[in-house]
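Let me begin by presenting the structure, written as structure tokens, before commenting on it.
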Amino acid sequence: MNTIPHFIGGQRRTDGDSFGTVFDPATGREQAQVPFADEALLEETLTIARAAAAKWRLSTLSQRTNVLFTFRQLLTEHANDLAALITAEHGKTTPDALGELARGLENVEYACGLADHLKGEFSHQVADGVDVHSVHEPVGIVAAITPFNFPVMVPLWMTANALAAGNAVVLKPSERDPSGSVLLAELLQRAGLPDGVFNVIHGNADTVRRLLVHPQIDAVSFVGSTPVAKFVYETGTSAGKRVQALGGAKNHMLVLPDADLDVAADAAINAGYGSAGERCMAVSVVVAHEKIADELVARIAERTDRLTVGPGTDPQSDFGPLITREHRDRVASYVTNAPSHGATVVRDGTALVDREGFFVGPCLIDHVVPGTPAYDDEIFGPVLSVVRVSSYDDAVALINANPYGNGVAIFTRDGNAARLFSRDVTVGMIGVNVPIPVPVASYSFGGWKDSLFGHSHIYGPDGIAFYTRAKVVTTRWPQPSDSQIDLGFPRTR
Ligand code: NAD
């Protein structure tokens, strides 16, 4: 079986104390093994990264910019290779994998502007003969710990800005689909990044625990599920590190009675079932005003009948399999158990569970209420729940009572309703007639409440701030009266 290597100090390595299995989710078969770094390998990696960081922090801004520009070019040239790896290990369709790469690429493009992002400030003559300037220095070594659902985009969210800021990076990708990270490392090396500045080590929860308390790690960027994000934040900050930890989600899409119901139904389909619902910004709850709920549910249901579920490599597939057999069974259980909690299963895609591979078809559950598993849990599969409300205020109260606060959308033709909604909801990213409001790379991405631990959002300006440490230099040069040396020109102006 193929062994997916670590990438440490510019070398592919396959040592480790144990191995994980990477499946092909479309067939359910094992396709590769991945070594888990043991303590000795982690020590070696961090020694290499520390030495590399000491030099990289002194690289010129134009050297870093050149690496990132070349990296961007290589990413576009290898887009199909990266997409193929994503599809093979994650299962998402090829267009979806290319879309993921495009959103990751944006972050590299943003980081290419590092000469501007890293500018400090200068104040002349704050006191007589005294000037002040600020600089943004790298933090040192960044541990980047990423989830399975965006195996290329999320590493790029972190890596592009961390490298631009002059840090070394140790990336620990998801052990379920780790190959994309290794190709990123090879492309960075080809782009001219010095060996040891970007390293990939594979591992599981034990590896993460070691990284979180290791004295050589200065900052931790984490994206994953809420319980792990909370653990990472608490453990990392207790060990004195700066930590940003993005967690799970339960994203609502409110449809008001004046909305264009066809537009809303199309949006619910794309945002609910795209990538098999395995997106942290997927819509999982449609909040339907009772005046239009029956009609909206009918339009969504009719559209689910036109979706094709199959391998990600099949151009006919609208979405592919789930990541593991266990996850597929867990997702299916929410649908099977929904009637016992008073909900109505309008479309049941769980029959596909008998198919080879980890497939669940589109599922639609109506009359879902808070306090039941289908509403309370992050299902992370192709399951849309519909909650009916009788007013705008009830909708906002429902959304704000939810412990997650990643993304939310409103569908309406009423600008004032949309404006009030943007102000009233306790959610980090809001879409107005936009179902998946992922900010472009020049803004920052982050949820509220249990969707983010720490104050820093990820990428964009917050990313630059997170990966840099501020220094303020107050300068006073000898004035004429202080100076002992005659430089041969009149000093008094
Ligand atoms: P996960 O939390 O299981 O794993 C994320 C990372 O943490 C992996 O690298 C994994 O090896 C490691 N890990 C797993 N269990 C651990 C433990 N007990 N201790 C320490 N480390 C551990 O998440 P996942 O299943 O890979 O990804 C899906 C989750 O990520 C969903 O909840 C999704 O909403 C979330 N997500 C959030 C965002 C966001 O921006 N907020 C983006 C993508 C995914």
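For this structure, a couple of remarks:
- Residue-averaged [θ]222 nm for the chain, counting only DSSP H segments that reach four residues, each worth -39500 (n - 2.57): -11500 deg cm²/dmol
- Unit charges on C-beta of K, R, D, E only; dipole of the chain, Debye: 1240 debye
- Shape analysis of the stretch 367-493 yields a ratio of the Cα radius of gyration to the Kirkwood radius, Rg/Rh, of 1.38.
- Measuring between alpha carbons in the structure, the pairs from LYS92/LYS291; LYS92/LYS241; LYS172/LYS449 lying more than 32 angstrom apart are LYS92/LYS291; LYS92/LYS241.
- Longest site-free stretch - the chain; sites: GluC sites (Glu not before Pro), DSSP loop, at most 14 other Cβ within 10 Å: 122-289
- Label sites at ASP294 and THR47, each approximated as a point 7 angstrom past Cα along Cα to Cβ, lie 7.3 nm apart.
- Kyte-Doolittle at least 1.0, axis length at least 15 Å by Cα - qualifying DSSP helices, the chain: 153-164
- Of the trypsin sites (Lys or Arg not before Pro) found in the stretch 393-473, those that fall in a DSSP loop while having at most 13 other beta-carbon atoms within 10 Å are ARG413.
- The stretch 251-432 pair-distance distribution - Cα-Cα, 10 Å bins, rounded %: 10, 41, 35, 13, 1
- Placing one equal scatterer on every Cα of the stretch 62-123 and applying the Debye formula, the log10 ratio I(q)/I(0) at q = 0.14, 0.21, 0.22, 0.27 Å⁻¹ is -0.49, -0.80, -0.84, -1.04.
- Annotation: amide H of VAL360 within the under-5 Å range of LEU322, sequence separation 5 or more or interchain, hydrogens built in the peptide plane.
- With θ taken as phi - 60° and the Karplus curve 6.51 cos²θ - 1.76 cosθ + 1.60 applied, the whole-hertz 3J(HN,Hα) list for the stretch 312-318 is x, 7, 7, x, 7, 6, 7 Hz, x standing for glycine and proline.
- Estimated FRET transfer efficiency (ASN204, THR474; beta-carbon r; R0 35 Å; 0.05): 0.15
- Distant alpha-carbon pairs in the chain (separation over 41 angstrom), percent: 24 percent
- Distance from the alpha carbon centroid of the stretch 35-100 to that of the stretch 15-32 works out to 21 angstrom.
- Extending 7 Å from Cα along the Cβ direction at ASP116 and again at ASP486 yields two label points whose distance is 5.1 nm.
- Dipole of the chain computed with +1 at Lys/Arg Cβ and -1 at Asp/Glu Cβ about the Cα centre; of ALA205, ALA441, LEU82, farthest Cα towards the positive end is ALA441.
- Dipole-positive endmost among ALA37, ALA293, SER333 within the chain (Cβ charges, Cα centre): ALA37
- Length gained on full extension, THR344 to ASP81, computed as 0.36 nm times the residue gap minus the Cα-Cα distance: 90.4 nm.
A short reminder: the numbers here are calculations on the coordinates, not readings from a lab. The structure presented is a predicted model; accordingly, all values stated were derived computationally and were not measured. Positions of Cβ are generated from backbone atoms using ideal geometry, with glycine treated the same way; all protein chains shown enter the neighbour counts.
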